[in-house]
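Encoded as structure tokens, the structure appears first; notes follow it.
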Amino acid sequence: MAQEYKPEWAKRVEEWGKEMEKKYGDHHHRHPEPGEGTRTENLDSSCGQNDENKSRPKDNRPRWQRQNNPIGEIVGNIISYFIVTYAPIYFPGFFLDGYPAVRTVIVLSVIVHIATSLVILILPIRPVFYLGRTVLSLAGLVSLAVMATIFPFNIPYGLGHIAQFALWIVFVIVAIVTLFEFLNIFSADR
């Protein structure tokens, strides 16, 4: 069979690809090239083992402890407070007359989040963690309900109605998550 012509750059790219396949490729599914030895001769001795995963210890903590990061939540809520407080100063045309009511509810939600995160930080036990998550979800539900009802944002071209509808969809999703967070208080530890 006649050999087809390949430009020099295509040959180099193909060689590079073969080198990368040898170095990083999945050795379980590699088929030998014509003229190469059998499949078992091509397998690396460390086949199927990732050196990075071997050196990293497995986290044996329960799921709730891996999800527990009260310091990060406190910092995130402080940042949220500053955004909610100072955004209207820099973007006055984006906020409507109902924003002060929404801001008040959001600030109260931020305070509840910080207080709950502090309790979870002080009492790191599973029922307190899930009770705290339920309280956080309820505070988020209240904020979403007020924001979707008043909708204090000036979004042009009728997109405000779409955003308001999306807030109600998020409200339903958060309500379902809240129910599961509440049920986790009484569930067995995994």
Give me the distance in nm between label points sitting 7 Å out from Cα along the Cα-to-Cβ direction at HIS161 and ALA188, one decimal. 5.1 nm
Where does each of ARG126, ARG66 land when they are ranked from fewest to most other beta-carbon atoms within 10 angstrom? ARG66, ARG126
Suppose the chain between PHE180 and TRP16 were pulled fully straight at 0.36 nm per residue; how much longer would it get relative to their current alpha carbon spacing? 54.0 nm
Fewest Cβ neighbours within 10 Å first, please rank TYR99, TYR157 accordingly. TYR157, TYR99
Would you kindly state how much longer the chain becomes between PHE82 and ILE125 on full extension, computed as 0.36 nm times their sequence separation minus their alpha carbon distance, in nm to one decimal? 12.4 nm
Under the rule of at least 5 residues apart or a separate chain, name every residue whose amide H is placed under 5 Å from the amide H of PHE153. LEU96
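Semi-axes of the range 63-184's equivalent ellipsoid from the Cα gyration tensor, sqrt of 5 times each eigenvalue, largest first, rounded to whole Å? All intermediate terms of the calculation are to be shown ahead of the outcome.
Details: eigenvalues 168, 60, 21 Å².
The equivalent ellipsoid of the range 63-184 has semi-axes of 29, 17, 10 Å.
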List the pair-distance distribution P(r) of the range 120-176, using every Cα-Cα distance, as the percent of pairs falling in each 10 Å bin from 0 up to the bin containing the longest distance, rounded to whole percents. 23, 37, 22, 14, 4
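Determine the relative contact order of the range 63-184: mean sequence separation of Cα pairs under 8 Å and six or more apart, normalised by residue count, in whole percent. Walk me through the numbers on the way to the answer.
On the way: 108 pairs, mean separation 37.7, N = 122.
Over the range 63-184, the number comes to 31 percent.
What ranking of LEU118, LEU183 emerges when the number of other C-beta atoms within 10 Å of each C-beta is taken as an exposure proxy, fewest first? Please list the in-between numbers first.
Working: LEU118 15, LEU183 11.
Placing the least packed residue first, the sequence is LEU183, LEU118.
Taken together, the values in this text are just the output of simple stated rules run on the coordinates, not laboratory data. Computed from a prediction, not measured in an experiment: that's the story for all the values here. Every residue, glycine as well, gets a Cβ built from its backbone with ideal geometry; the counts of neighbours run over all protein chains shown.
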